[in-house]
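The values are calculated or read from the model by the stated rules, or taken from the named source; none is laboratory data. Just so we're clear, the structure is a prediction, and the values are computed from it rather than from any experiment. Note that we place each Cβ from the backbone using ideal geometry, even for glycine, and neighbour counts take in every protein chain shown.
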């Protein structure tokens, strides 16, 4: 986080295309391991039956940041000329400061594992450490996926394909969301407020689906229904482009996109542990993020060919539907133990 914030702030001092590309490259290196690292970190602290809501709570920052980022950035751009800097330069610098400060706080406050946490009692450290260690042993005994196998394991590849579909559909819609909303004939300021609606729906769905997945002890079906919800929302949005119903459709789709986060990112750690979990999660995340190219490209091409965003939204709906089908028929990952089962205390 500290490196990410510092490099992001350095963007303010880019002087041309080459320096800008160099900074963006370094930024990509800094941020690449952050999300997979957090998903892995949660396995050190939270038993499997809690992870969907934990992953949802963590990724809740995404829709909140997107919804609040636009008005904050707009306000900072209005400070143009302060300290002799352009508004866009101030935006990069001021928005990087909280990231660096939080990174420093995390470094000193958080520990790698519960056993090192001085703010837990000895009894709490022992109970949590034993429960997680017992869970990890059962997962290793049942699935036995090593480091090298984590790159080509069928379940890892299916999760990657599933994630490509989700990311393609979500980023394809969300990156064009303001442009599609603009077709309602409203002002730029109103566009900013209206585009917050899908993100708010997504935030609510994210929390609910994470809680529900843990509550019923089921990942695959929750993932299936959220992908199917995204499919339905995208179809509604495509059929009603230029009307307020399209906002309703995109809000439904956003609820589905963000609702997948908790159950999806709880699935790799149902069969991966240790270094295999680190490499497998990173591999799934890396392959899935290819959807960040496919989705916007599909919508852009559809707009160029047909003059409407509807075709692009239908194509994204197909991607979400494919993810739903993968979730339902092929992501059958047996759990090491039931959600309600106590994990055994490992032998000394």
Subject >> All positions within the stretch 67-85 that are farther than 25 Å from residue 177 by Cβ and in contact (Cβ under 8 Å) with a residue 40 or more places away in the chain >> reply: 85
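For the condition surrounded by 20 or more Cβ atoms within 10 Å (Cβ to Cβ), within 24 Å of residue 181 (Cβ to Cβ), without any contact (Cβ under 8 Å) to a residue 60 or more places away in the chain and within 19 Å of the chain's Cα centre (by Cα), what is the one hit in 291, 259, 295?
Working: 291 fails: without any contact (Cβ under 8 Å) to a residue 60 or more places away in the chain; 295 fails: without any contact (Cβ under 8 Å) to a residue 60 or more places away in the chain.
Step by step, each of 291, 259, 295 is checked, and only 259 is surrounded by 20 or more Cβ atoms within 10 Å (Cβ to Cβ), within 24 Å of residue 181 (Cβ to Cβ), without any contact (Cβ under 8 Å) to a residue 60 or more places away in the chain and within 19 Å of the chain's Cα centre (by Cα).
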Original post:
Residues of the stretch 175-189 being touching a helix residue (DSSP H, G or I) at 6+ places or on another chain (Cβ under 8 Å), outside any loop (DSSP other than H, G, I, E, B) and touching a residue at least 40 places away in the same chain (Cβ under 8 Å), which ones?
Top reply: 177, 180, 181
**OP:** Determine if the stretch 124-146 includes at least one residue that is closer than 30 Å to residue 259 by Cβ, at pLDDT below 85 and not in a helix (DSSP H, G or I).
**Re:** yes
Original post:
Going through the stretch 16-33 one residue at a time, which ones are touching a residue at least 40 places away in the same chain (Cβ under 8 Å) and part of a helix (DSSP H, G or I)?
Top reply: 32
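If I filter the stretch 41-67 down to residues being within 26 Å of residue 195 (Cβ to Cβ) and at pLDDT 85 or above, which single residue comes out as surrounded by the most Cβ atoms within 10 Å (Cβ to Cβ)?
Among those residues, the one meeting the criterion is 56.
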Subject >> Hits in the stretch 104-133 (condition: in contact (Cβ under 8 Å) with a residue 60 or more places away in the chain and within 28 Å of the chain's Cα centre (by Cα)) >> reply: 104, 106, 107, 112, 113, 114, 128, 131, 132, 133
Original post:
Looking at 13, 38, which is the one that is within 17 Å of the chain's Cα centre (by Cα) and either at pLDDT 85 or above or crowded, with 17+ Cβ neighbours inside 10 Å (or both)?
Top reply: 38
Original post:
Taking the stretch 109-125 as the search range and keeping residues that are surrounded by 12 or more Cβ atoms within 10 Å (Cβ to Cβ) and touching a helix residue (DSSP H, G or I) at 6+ places or on another chain (Cβ under 8 Å), which one is nearest to residue 44 (Cα to Cα)?
Top reply: 113
**OP:** Go through 172, 192, 233 for me and flag whichever is in contact with a helix residue (DSSP H, G or I) (Cβ under 6 Å, 6 or more places away or on another chain), in a helix (DSSP H, G or I), free of Cβ contacts under 8 Å to residues at least 40 places away in the same chain and under 30 Å from residue 304 (Cα atoms).
**Re:** 233
